[in-house]
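The values are calculated or read from the model by the stated rules, or taken from the named source; none is laboratory data. Predicted, not measured: the structure shown is a model, and the values here were computed from it. Here the Cβ positions follow ideal geometry from the backbone for every residue, glycine too, while neighbour counts run over all protein chains shown. We work out accessible area using only protein heavy atoms, side chains counted, and drop any ligands, DNA or RNA first. Shrake-Rupley method; radii C 1.70, N 1.55, O 1.52, S 1.80 Å.
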2 protein chains.
Amino acid sequence: MIKSNRRRFLASAAGLAAVTVVNATPMRTKEKKSIAHQVYFWLKNPGSSEDRDELIKGVKTLRKIESVKKLTVGVVAATEKREVIDDTWSVSELVLFNDLAGEAAYQVDPIHLDFITNYSKLWSKVVVYDSSEV
Amino acid sequence: MIKSNRRRFLASAAGLAAVTVVNATPMRTKEKKSIAHQVYFWLKNPGSSEDRDELIKGVKTLRKIESVKKLTVGVVAATEKREVIDDTWSVSELVLFNDLAGEAAYQVDPIHLDFITNYSKLWSKVVVYDSSEV
């Protein structure tokens, strides 16, 4: 029984690695597709690096939400300026979920609600793009 | 000599895994931060699933570019509709690079230029957000 549980754990750990390691050979016949929740924040005080760092700190608290598979926080990258690039925002958030249920659970999670209560004073605008991996 | 090369390869593979496996313990003292190139495409014919699938196929060709660490393609996810969500686009592209040089190399790579030549007829608008992970 213990041996069987261990085998299941190993199988599950291998499956997890298969979807996250770059160019890994899939360990499952059907690879799990992610939901990507991509958020861009415009600060009320775009010139304040203090406000920016405070918001970054806030976004990082969302990593504790159970359904979050991966969460990265970004600032505008110093890539070459081109017409198609929007670089007017200040902080970006990229969250990966296993499925739509994970995203829905995130929205109502107390940690997310606390984040909105405590940090929404910092931003003037938010734009969200929710992608389903194909 | 062969043994030493193998050791270097293993060390490099472990470093790569450290930045991509969820919640992995960092294998390096300084973790490598990614550049995320996030692109949203609006189709000329938003109702055409044929055009959408053609563009998805095109975006996937960009995976062959050497500096691309990871590339995922998405369509609008069926998350709950909220005011902050922009769901007017049709195809999303998320590319991770190791650094700014990787993104710059991608822009001028022949595979990328071919993609623009062959597929730009399909879209009416593109918006790009380039994030530097913090």
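Annotations for the structure displayed:
- In this simple spin-label model, placing a label point 7 Å from the Cα along the Cα-to-Cβ direction at both B:V127 and B:A104 gives a separation of 2.8 nm.
- Chains A and B together bury some 3600 Å² of accessible area, summed over both sides, with a 1.4 Å probe.
- Per the Kirkwood formula applied to alpha carbons, segment B:33-134 shows a radius of gyration over Rh ratio, Rg over Rh, of 0.97.
- The residues of segment B:111-134 occluded by other protein chains by 20 Å² or more of accessible area, set against the chain on its own, are B:V126, B:V128, B:Y129, B:D130, B:S131, B:S132, B:E133, B:V134; surface from heavy atoms, 1.4 Å probe.
- A simple rule links phi to the HN-Hα coupling: the Karplus curve 6.51 cos²θ - 1.76 cosθ + 1.60 with θ = phi - 60°, which for segment A:125-133 gives 7, 9, 10, 10, 10, 9, 10, 10, 4 Hz, with x for Gly and Pro.
- Accessible carbon and sulfur surface of segment B:35-132 relative to its total accessible area, %, 1.4 Å: 52 percent
- Placing a pseudo-label 7 Å from each Cα along the Cα-to-Cβ vector at A:K64 and B:D87 gives an inter-label distance of 3.1 nm.
- A DSSP coil position with no more than 13 other Cβ atoms inside 10 Å describes the following GluC sites (Glu not before Pro) in segment A:73-134: A:E80, A:E83.
- Counting heavy atoms of the protein chains alone, B:Y129 has an accessible area of about 10 Å² for a 1.4 Å probe.
- Amide H to amide H, with H built 1.01 Å from N, A:A77 comes under 5 Å of B:D130, B:S131, B:S132, counting only residues 5 or more places away or on other chains.
- For segment A:35-132: lysine pairs under 25 Å (alpha-carbon distance), excluding those fewer than 8 apart on one chain: 17
- Note on segment B:42-82: dipole from Cβ charges, positive end direction compared against B:A78, B:L43, B:V68; the farthest Cα belongs to B:V68.
- With the whole protein complex present, B:R52 retains an accessible surface near 90 Å², based on a 1.4 Å probe.
- Residues in segment B:35-132 average 47 Å² of solvent-accessible surface per residue, probe 1.4 Å, ligands and nucleic acids excluded.
- Label spacing, shortest first and in nm, from B:W42 to its equivalents in the remaining copies (7 angstrom along Cα→Cβ): 1.6
- ³J(HN,Hα), Karplus 6.51/-1.76/1.60, whole Hz, each residue of segment B:71-79, x for Gly, Pro: 9, 10, 10, x, 10, 4, 7, 7, 7
- Long-range HN-HN contacts of A:D99 with modeled amide H, under 5 Å: A:I35
- Table column - 3J(HN,Hα) (Hz), segment B:91-103, Karplus curve with 6.51, -1.76, 1.60, x for Gly and Pro: 9, 10, 9, 10, 10, 10, 10, 6, 6, 4, 4, x, 5
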